[in-house]
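Some notes on the structure that comes next.
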Amino acid sequence: MDDDNNCSCTQGATTSEALFSFGVIADIQYADREDGYDFCGLNRRYYKHSLCHLQSAIEDWNRTDVQFVLQFGDIIDGCNAELKMSETALGRVLEEFKKLKAPVHHIWGNHEFYNFSRDYLVDSALYTKYLQEQTFLSNSYRDQSSTGDDASEFYYAYQFCPVSKFRFVILDAYDISILGRDTSTKKYQESLKLLREKNQNENLNSPSGLVERQFVQFNGGFSQEQLDWLDEVLTYADKNQERVVIMGLQANHQDIVMCSADMSK
């Protein structure tokens, strides 16, 4: 690890020379509002000041010439939807990312879906699947992921290779979820059915009384179609002796799922 924002990758124990470096940032959760607390009421949230941290990270990435940046999701806070400031807030964050010299790969999390539909996200700057065609060796493996017969059922996943023998895979951890999907879609109906079977609470964001505490509205999962695609990618990577980094946003840590408050707040 070079510093707080950069990751360097080396191959083998015979050299300390970095093959490439990249930046990582998560949970910016920007909102134009005064500081407050998280959904548990425990941790301080610096809504406006999150842009300052992003600006500092971008300055550092530009100085160190990272090859790319991974933005791990929750780029703006869910409260923007209530404030009717979703597009404005996203625009302000994206303006900062325009100062970044390197390409950025965006991952979708629950706060993206509190603010936007999947159809909106596909047409936004947060849809970076096109970068798989602009990255070295991205075409060495033919991407077999499919949107299915109905485009409304699609999942957002892709893979890219920054250098030989390294493959990065971005997954859609909310492929199976009621967040972001139109209520008429098959995946929405299946997700809601599963959620109600596993969670008897009136507030589906609450894990209260659950043994399987992952079955809450702010969580999500992977469709079999996406898992089959991932298996193909990993099989190819294994045959070619590649190192694989898999990415996605999911709230699975016990400290997070212990909270029963409304996660969209």
>> If I ask for residues that are of a type in the set (Val, Ile, Thr) and crowded, with 18+ Cβ neighbours inside 10 Å, which ones from the stretch 32-70 would you list?
In response: ILE58, VAL66, VAL69
> Which residue, of VAL257, VAL216, is modelled with pLDDT under 90, of a type in the set (A, V, I, L, M) and in contact with a Ser or Thr (Cβ under 8 Å, 6 or more places away or on another chain)?
Replying inline: VAL216
> Is there any pair linking a residue in the stretch 224-238 that is touching a residue at least 60 places away in the same chain (Cβ under 8 Å) to one that is among the small types (Gly, Ala, Ser), with Cβ under 6 Å and at least six apart or on different chains, and which?
Replying inline: GLN226/ALA157; TRP229/SER145
> Are any residues in the stretch 71-104 buried (at least 16 other Cβ atoms within 10 Å of the Cβ), out of contact with any Leu (no Cβ under 9 Å at 6 or more places or on another chain) and either closer than 25 Å to GLN217 by Cα or not aliphatic (A, V, I, L, M) (or both), and if so, which ones?
Replying inline: ASP77, GLY78, CYS79, ALA81, MET85, SER86
> Are there any pairs with C-beta distances below 6 angstrom linking a residue in the stretch 200-221 that is on the phi > 0 side of the Ramachandran plot to a residue that is among the polar types (S, T, N, Q), with the two at least 6 apart or on different chains, and if so which?
Replying inline: none
>> Exactly one of these conditions fails for GLY91: (1) in contact (Cβ under 8 Å) with a residue 40 or more places away in the chain; (2) under 29 Å from ASN62 (Cα atoms). Give me its number.
In response: (1)
> Considering only the stretch 84-120, how many residues are out of contact with any Gly (no Cβ under 8 Å at 6 or more places or on another chain) and of a type outside the set (Ser, Thr, Tyr)?
Replying inline: 20
> Would the stretch 13-21 turn up any residue that is closer than 30 Å to GLU82 by Cβ, surrounded by 11 or more Cβ atoms within 10 Å (Cβ to Cβ) and at pLDDT 85 or above?
Replying inline: no
> Of all residues in the stretch 177-199, which are basic (Lys, Arg), in contact (Cβ under 8 Å) with a residue 40 or more places away in the chain and surrounded by fewer than 16 Cβ atoms within 10 Å (Cβ to Cβ)?
Replying inline: none
>> Against the definition (surrounded by fewer than 20 Cβ atoms within 10 Å (Cβ to Cβ), under 30 Å from PHE22 (Cα atoms) and touching a residue at least 24 places away in the same chain (Cβ under 8 Å)), how does GLN250 come out, yes or no?
In response: yes
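The values are calculated or read from the model by the stated rules, or taken from the named source; none is laboratory data. Remember, predicted model here, so these are calculated numbers, not experimental data. Here Cβ is always computed from backbone atoms with ideal geometry, including for glycine, and neighbour counts include all displayed protein chains.
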